[in-house]
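The values are calculated or read from the model by the stated rules, or taken from the named source; none is laboratory data. Predicted model only: the values in this text are computed from it and were never measured. Ideal geometry is used to build each Cβ from the backbone, glycine not excepted, and the neighbour counts take in all protein chains shown. Accessible surface areas use protein heavy atoms only, side chains included; no ligands, DNA or RNA. Shrake-Rupley method; radii C 1.70, N 1.55, O 1.52, S 1.80 Å.
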2 protein chains.
Amino acid sequence: MAKDKKPRRPRAETPRGFRDYFGADVTERKAMLDTIAEVYHRYGFDPLETSAVETLEALGKYLPDVDRPHAGVFAWTEEEDGDWVALRYDLTAPLARVAAQYRNDLPTPYRRYAMGPVWRNEKPGPGRFRQFYQCDADTVGAASVAADAEICAMLADALEAVGIPRGDYIVRVNNRKVLNGVMEVAGVLDPNDPSKFEHERGIVLRAIDKLDRLGETGVRALLGEGREDESGDFTEGAKLTKAQADVVMGFMAARRATKAETCARLSELVGGSAMGAEGVAELETISDLLAAQGYGPDRIVLDPSVVRGLGYYTGPVYEAELTFEITDEKGRPRQFGSVAGGGRYDDLVQRFTGQKVPATGVSIGVDRLLAALREKGRAGGTVQGPVIVTVMDRDRMADYQAMVGELRAAGIRAEVYLGNPKNFGNQLKYADKRQSPVAIIQGSDEAARGVVQIKDLVLGAKIAQSASLEEWKSQPAQFEAARTDLVAEVRRLLAQGGE
Amino acid sequence: MAKDKKPRRPRAETPRGFRDYFGADVTERKAMLDTIAEVYHRYGFDPLETSAVETLEALGKYLPDVDRPHAGVFAWTEEEDGDWVALRYDLTAPLARVAAQYRNDLPTPYRRYAMGPVWRNEKPGPGRFRQFYQCDADTVGAASVAADAEICAMLADALEAVGIPRGDYIVRVNNRKVLNGVMEVAGVLDPNDPSKFEHERGIVLRAIDKLDRLGETGVRALLGEGREDESGDFTEGAKLTKAQADVVMGFMAARRATKAETCARLSELVGGSAMGAEGVAELETISDLLAAQGYGPDRIVLDPSVVRGLGYYTGPVYEAELTFEITDEKGRPRQFGSVAGGGRYDDLVQRFTGQKVPATGVSIGVDRLLAALREKGRAGGTVQGPVIVTVMDRDRMADYQAMVGELRAAGIRAEVYLGNPKNFGNQLKYADKRQSPVAIIQGSDEAARGVVQIKDLVLGAKIAQSASLEEWKSQPAQFEAARTDLVAEVRRLLAQGGE
């Protein structure tokens, strides 16, 4: 009994795979999302915010990790009725549910954007978290590939708006129908019995999607008998013959110098497949529409090696890749890689309603894009710290609060030191930690004379680092000012700091 | 076997108690949160975003509904280790965890704001959802009541910033120490054995918090033997004697015309209780600090009837109430009521570290405040719909997309109709549903002549409602313009609409 008396303290830790975001991490992401939302808005997209929790049946089995259906979500049963609910793992599944639930009220087509956290019950790793942000735009109810073209153009605009210059990104477009045509030619798709070879096609799809990571040899292995990775784990292959694999590999390498040549090559590859020919025609239309708006191959290109891993895509697929090099953890240069992707998924709403509803959309990987902006020096600054009014005399708190009140009324970020004021050094350490540009000091002597001491902490830090004694004397980092000039003097100092 | 062949379709529904937010609902909330964040920022508060998921032990038993500890959260066990995790039910518990986890890295005091959804596993009802937004600001590590005063001032500023005019709200301040002093006098608190009568004091606290709802008779019943509600449910009372209950009731009615009179009355009530006297002194200090900054009784008042239901408060408590009347669902006028509340909780971080860490903070009920703004006509507008370029000729999609491209480049929200263009009436119905201000029409005839038809949908709607034939002729809602003047003409029309 006695041992139960004193319960152990709870651990102050996030659950495994979750993390906290402080200060600039929060504001920079917000600024980026605001900018993207502005672009989406200008394209006519309306915001939608669904709840974090969905019924498990509404989420369906469309997780990116198709090998572990349902295992990849955080799910629990409702107390009252025992129904399973789960945290959403993306923003597309909730959109499909909304499009079905409100189909009589929403405009057709329905253009919507959504941004917010999603949750994946996956093994966490370095830089891999179980909660992360997505930022999606989708058009539901538009069968025309003009809708796909629009999303590609909007994606390019969004990337430029947040600060990725033209030339540093490329949007690559492909079409699943072309791939299906190739599968038909390779003999792993029978147009009269689409369910036949479904398993093999899934393997082919995921193999192609891993070209970047595994190289041609790795993909070949997955198209054939299978592949053993470095850890000794064996992944089953699609068991294609060499001739079949050649057709698939030829498809991935079908990109040519111009759009016309690429389309001609693809037409050859899909041979007599009606679906394949339809896919090539759609690619041409998308490319023409984009070119007419000025989105040329410097921004958007046709690239048959893009397939996207998700099973549910039915037509055009697209991916935005950042093309500049970064240095990885091991000091090696590498391409930054993909920051956004999407495509057409004409069957997701049908799950609910039984009626086909065409849909297409893109998802931006917010955290990766933010990391890219930091690489480019477009983000990663620190938040401007507040002006700190120090407390020299505990009984004159009202005076100090009046000072910050005046500063705030002038739009200046300011606060009184609210820790224990006894040790003045601690107050200046606090100001340093907060990256305060300015500290205000007023002891009883200054109060009696109607003045304040103003300490330029930015200049002070510079002087402390490098200045000679002469410079130090000629540019004093602290000066006295009339109490009535407080706001004007602080404003002047802050304006200097901004130069 | 056969019956398993065709699985039933999933229902397109949110789980019970959850909802979706569309269009203006999303943007108005965001605008309000942005404005509040700006005020918090100016006061020196830094943003913090914790994950939605916490360990159950970190969340603790501090749910507002103390009668059902742990029952009020959505919780599940981790696959790997069987540990319990749960969705956060507020933003204070995660802050306490963060303050403990990063205690060596955070500045002291740590001022942080946080905004985001929280989840409660409670019975949903009309207007009562299981996911809702909170917007909090807290100061951790400041023992001085100057920190409480600052939060009260900031709360008043935030309410005015979002559009609640002075006079339409009041921030009411009280102190738990005063209440404890009163409890001491009433004989339900023994300073030498604080755990004695803890159960009774909990009942008293919750009874006082229900004064608005239950009236004096209801509260008296809860202070005594207990109370049977309309449904026949019986709530156990604190079993105070009439004399004891008189002391408590006297406390709630202690507010006087001025701060000085209220404090004098409270001093009488707490008699010889040291803690009670300390509480009265703190109230006086807070009031003085606020008055010195110009926050007089038109904005912030001392009010002994405010106690806040939460058990964890240890000092000052505060609440913002909107004072204007609204009409309820049944057509009766009533006060809008509370939109924010908070107080000092000096023991929450101690749960983790064993060391006392003073903390105080406020939580704004975002959805209620937004509802209030809609009542005041400060929100609830509709989002400006996009200019719709209609599709007269499916093969000229590139031309139409070029038009929206030009409009967007000029900062004008615009889109091509991407539904089936066959029925032109549907295109105009769509424009109507989107609340489009302008529609653009260009058939092959217009294209050949280098012109477009511009349809003023705002004027068109007005004319359709009320205009005479003469007015209709003199103010045509549709006119022809040169294709090259498209952007200029649309901009002109939109500027008119804005007048």
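Tabulated data for the structure shown
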| quantity | calculated |
| --- | --- |
| Filter result for residue B:299 (within 30 Å of residue B:377 (Cα to Cα), touching a strand residue (DSSP E or B) at 6+ places or on another chain (Cβ under 7 Å) and at pLDDT below 95) | no |
| Close pairs (7 angstrom Cβ cut-off, 6 or more residues apart or separate chains): of a type in the set (Ser, Thr, Tyr) in segment B:224-249, in a helix (DSSP H, G or I) anywhere | B:235/B:222 |
| Yes/no for residue A:237 being touching a Leu at 6+ places or on another chain (Cβ under 6 Å), small (Gly, Ala, Ser) and under 18 Å from residue A:197 (Cβ atoms) | yes |
| Criterion: at pLDDT below 90, open to solvent by less than 50 Å² (accessible area, probe 1.4 Å), on the phi < 0 side of the Ramachandran plot and facing chain A (nearest Cβ under 9 Å) - qualifying residue of B:78, B:49, B:54 | B:78 |
| Test: residue in segment B:38-50 that is assigned by TED's automatic domain parsing to the domain that holds residue B:359, outside any helix (DSSP H, G or I) and in contact with a Ser or Thr (Cβ under 7 Å, 6 or more places away or on another chain) | yes |
| Enumeration of residues in segment B:398-407 that are more than 7 Å from chain A (Cβ to nearest Cβ) and open to solvent by 10 Å² or more (accessible area, probe 1.4 Å) | B:399, B:406 |
| Residues of segment B:327-364 satisfying the condition of being of a type in the set (Val, Ile, Thr) and without any contact (Cβ under 8 Å) to a residue 12 or more places away in the chain | B:327 |
| Extreme residue, nearest to the other protein chains (Cβ to nearest Cβ), among residues of segment A:427-467 that are within 19 Å of residue A:399 (Cβ to Cβ), surrounded by fewer than 22 Cβ atoms within 10 Å (Cβ to Cβ) and among the polar types (S, T, N, Q) | A:427 |
| Of residues in segment A:408-426 being more than 9 Å from every other protein chain (Cβ to nearest Cβ) and within 38 Å of the chain's Cα centre (by Cα), the one least open to solvent (accessible area, probe 1.4 Å) | A:410 |
| Test: residue in segment A:341-351 that is within 24 Å of the chain's Cα centre (by Cα), crowded, with 16+ Cβ neighbours inside 10 Å and within 25 Å of residue A:25 (Cα to Cα) | yes |
| Unique residue being within 30 Å of residue A:292 (Cβ to Cβ) and not β-branched (Val, Ile, Thr) when the list is A:206, A:220, A:213, A:166 | A:166 |
| Top-ranked residue of segment A:34-46 - restricted to ones that are surrounded by 20 or more Cβ atoms within 10 Å (Cβ to Cβ) and more than 8 Å from every other protein chain (Cβ to nearest Cβ), ranked as farthest from residue B:435 (Cα to Cα) | A:36 |
| Residue list for segment A:202-217, restricted to those being open to solvent by 30 Å² or more (accessible area, probe 1.4 Å) and not acidic (Asp, Glu) | A:206, A:210, A:211, A:213, A:214, A:217 |
| Hits in segment A:253-285 (condition: farther than 13 Å from residue A:304 by Cβ, of a type in the set (A, V, I, L, M), open to solvent by less than 70 Å² (accessible area, probe 1.4 Å) and touching a residue at least 40 places away in the same chain (Cβ under 8 Å)) | A:277 |
| Condition met for residue A:360 (open to solvent by less than 20 Å² (accessible area, probe 1.4 Å) and more than 11 Å from every other protein chain (Cβ to nearest Cβ)) | no |
| Residue B:367, sole failed condition from (1) more than 23 Å from the chain's Cα centre (by Cα); (2) within 25 Å of residue B:32 (Cα to Cα); (3) not basic (Lys, Arg) | (1) |
| Per-region count, segment B:172-185, residues open to solvent by 10 Å² or more (accessible area, probe 1.4 Å) and in a strand (DSSP E or B) | 1 |
| Test: residue in segment B:157-171 that is within 30 Å of residue A:393 (Cα to Cα), away from every other protein chain (no Cβ under 14 Å) and not in a loop (DSSP other than H, G, I, E, B) | yes |
| Cross-chain or 6+ apart pairs with Cβ under 8 Å, segment B:127-147 first and in the same structural domain as residue B:38 (by TED's automatic domain parsing), then open to solvent by 40 Å² or more (accessible area, probe 1.4 Å) and in a strand (DSSP E or B) | B:133/B:115; B:134/B:115; B:135/B:115; B:136/B:115 |
| From the options B:229, B:190, B:233, residue that is open to solvent by 60 Å² or more (accessible area, probe 1.4 Å), modelled with pLDDT under 90 and of a type outside the set (A, V, I, L, M) | B:233 |
| Extreme residue, farthest from residue A:450 (Cα to Cα), among residues of segment A:385-437 that are among the β-branched types (Val, Ile, Thr) and assigned to a loop (DSSP other than H, G, I, E, B) | A:412 |
